[in-house]
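Below is one structure, written out as structure tokens; the observations come after it.
The values are calculated or read from the model by the stated rules, or taken from the named source; none is laboratory data. Computed from a predicted model, the values in this text were never measured in an experiment. Because the Cβ atoms are built from the backbone with ideal geometry, glycine has one as well, and the counts that use them run over all protein chains shown. The area values use the complete protein model at the heavy-atom level, side chains included, leaving out ligands, DNA and RNA. Shrake-Rupley method; radii C 1.70, N 1.55, O 1.52, S 1.80 Å.
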Amino acid sequence: MKLSRTVAYALQATMQLAVSDSDTPVPCSQIASKGDMPERFLLQVLRSLVNHGVLRSTRGVDGGYMLIRSPDEISLLDVIEAIEGPLDSKLPLPADPEDFTQQNLQKALQEVTATARKQLESIKISQLIQAPASEAADEDSSDAEASLTPSHTRALSGAVPEAATRVHSA
């Protein structure tokens, strides 16, 4: 699965905020510098996350961004769809009702999308910010986690600033 740089920044910022677990808003400049992200671009990314109910923004001198929900209530799907829009499997071509190949392809793509949505929904930000309990726990990972390895493993190891970049290159 290839993710855009925008999604990578959104995931990285969301994980940083989850790790900070702060009761006060975190300024965009702090998120940008900690994650080595361009601040002006990050502002646009954060605005999308606010508009889609992932983050809350506060204006003013003590302003910044906070998670609006607990990290165990925010999924990878929430963040990805906040940036890219809903995952769908529609073909850009009009479906010919008599062309069974297009119908079969559309059905297959719908099944793939449904599976991807389930897996992305099952992975919560809280999982991505926890260090692994042991090496054995990594070997016993579920299918959903295995589908995102190695980026998922790196994110679990606590490499928050690099995790989103690695997700992007996976």
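Here is a yes/no grid of residues against (1) closer than 30 Å to CYS28 by Cα; (2) part of a loop (DSSP other than H, G, I, E, B); (3) open to solvent by 50 Å² or more (accessible area, probe 1.4 Å); (4) modelled with pLDDT of 85 or more:
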{"position": "VAL61", "(1), (2), (3), (4)": "yes, yes, yes, yes"}
{"position": "ARG69", "(1), (2), (3), (4)": "yes, yes, yes, yes"}
{"position": "PRO86", "(1), (2), (3), (4)": "yes, yes, yes, yes"}
{"position": "LYS90", "(1), (2), (3), (4)": "no, yes, yes, no"}
{"position": "PRO97", "(1), (2), (3), (4)": "no, yes, yes, no"}
{"position": "THR101", "(1), (2), (3), (4)": "no, no, yes, yes"}
{"position": "LYS107", "(1), (2), (3), (4)": "no, no, yes, yes"}
{"position": "ALA133", "(1), (2), (3), (4)": "no, yes, yes, no"}
Item checked: Checklist (1) at pLDDT 95 or above; (2) over 24 Å from GLN127 (Cα atoms) applied to VAL45, failing item -> (2)
Notebook entry, point to check: How many of the residues in region 24-34 are in contact with a Pro (Cβ under 9 Å, 6 or more places away or on another chain) and either assigned to a loop (DSSP other than H, G, I, E, B) or open to solvent by 20 Å² or more (accessible area, probe 1.4 Å) (or both)?
Noted result: 1
Note to self: Checking ARG47 against (1) part of a loop (DSSP other than H, G, I, E, B); (2) surrounded by 11 or more Cβ atoms within 10 Å (Cβ to Cβ), only one condition comes out false. Which one?
What the structure shows: (1)
Item checked: Given (1) open to solvent by 40 Å² or more (accessible area, probe 1.4 Å); (2) under 29 Å from LEU17 (Cα atoms); (3) of a type outside the set (A, V, I, L, M); (4) in a helix (DSSP H, G or I), index of the condition SER126 fails -> (1)
Check: What number of residues within region 1-57 satisfy the criterion of being farther than 21 Å from ASP78 by Cα and of a type in the set (Val, Ile, Thr)?
Finding: 1
Next item on the list: Report yes if ASP21 is under 18 Å from SER126 (Cβ atoms) and surrounded by fewer than 16 Cβ atoms within 10 Å (Cβ to Cβ), otherwise no.
Entry: yes
